[in-house]
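Engineer: After the structure tokens below, expect a handful of questions from me.
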């Protein structure tokens, strides 16, 4: 059998390949076969049916705990985003620039921190994109006035901004790892998939960088 992937005779895309996160939630569904499987367990005896019942209870507990973990990971991102907004606000005051921080940014943070956002994942990505834009504007202002770099308070604020950005990136990685576990577990047949389908669970959308951030990443920096 020939190699499925042959690096010596590859199919190359000279233009490269750009990837995007697909914002589509896929529901966990089971067919008639799964129902027949459960019935057969009870037909085979009380013990197999009871064992599988306890397995389903355990699977439900697993999903409940995993959802709490996702909430905690998301809250950690929110905390860092909120801190970064405060740092950027302070930096804007120090620069004495009229950089308008949209009031809705804070309202949205408070909204999805309290669990009232319609789509918390999408809102979190949108807020992150807004903060990236504010950070870029402040960086441009500092670059336009080289003397400001020597200002200790401004330098400290910019350093805090960079630190928080790294923390946000790490928190998003942790969040995505938990989302990946959820997305795999709801399709783990039979127990978890049956429980997920019964409760109407769907896949969750991992973090996705905004279009503006991606365009900035393609820019020439030097």
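Engineer: How high is the FRET efficiency from residue 136 to residue 5, r the C-beta distance, R0 45 Å, rounded to 0.05? Please list the in-between numbers first.
Structural biologist: Values: r = 40 Å, r/R0 = 0.88.
Efficiency, rounded to the nearest 0.05: 0.70.
Engineer: Cut-off 11 Å, label point 7 angstrom out along Cα-to-Cβ of residue 54: give me the residues of region 173-207 whose amide nitrogen falls inside.
Structural biologist: Within reach of a label on residue 54, which here means backbone N under 11 Å from a point 7 Å along Cα→Cβ, region 173-207 contributes nothing.
Engineer: Order the peptides 162-171, 82-91 from the highest to the lowest mean number of other Cβ atoms within 10 Å of their residues.
Structural biologist: Taking the mean over residues of other Cβ atoms within 10 Å, the ranking is 82-91, 162-171.
Engineer: How would you order 201-211, 56-66 from highest to lowest mean count of nearby Cβ atoms within 10 Å?
Structural biologist: Details: 201-211: 17.1, 56-66: 14.5.
Put in order of decreasing packing, that is 201-211, 56-66.
Engineer: Moving on to the next point. Based on the Cβ-Cβ distance of residue 32 and residue 126, what FRET efficiency does E = 1/(1 + (r/R0)^6) give at R0 = 41 Å, to the nearest 0.05? The partial results should precede the final answer.
Structural biologist: Values: r = 41 Å, r/R0 = 1.01.
According to the calculation, E is roughly 0.50.
Engineer: Next up: Give me the mean projected area, in nm² to one decimal, of the convex hull enclosing the Cα positions of region 14-92. Walk me through the numbers before you get to the answer.
Structural biologist: On the way: hull surface 44.0 nm².
Over every viewing direction, the Cα hull of region 14-92 projects on average to 11.0 nm².
Engineer: Shifting gears a bit: Can you work out the FRET efficiency for the pair residue 42 and residue 12, with r the C-beta to C-beta distance and R0 = 45 Å, to the nearest 0.05? Walk me through the numbers before you get to the answer.
Structural biologist: Details: r = 56 Å, r/R0 = 1.24.
It comes to 0.20.
Engineer: Can you tell me which of 70-81, 23-34 comes out highest on packing, and rank the rest after it, using the mean Cβ neighbours within 10 Å? The partial results should precede the final answer.
Structural biologist: Details: 70-81: 18.2, 23-34: 12.2.
The packing order, highest mean first, is 70-81, 23-34.
Readers should treat all values here as calculations from the given coordinates under stated rules, not as data from a laboratory. In this text the structure is predicted, and so the values were computed from the model without any measurement. FYI the Cβ positions are ideal-geometry reconstructions off the backbone, even for glycines, and counts take in every protein chain you see.
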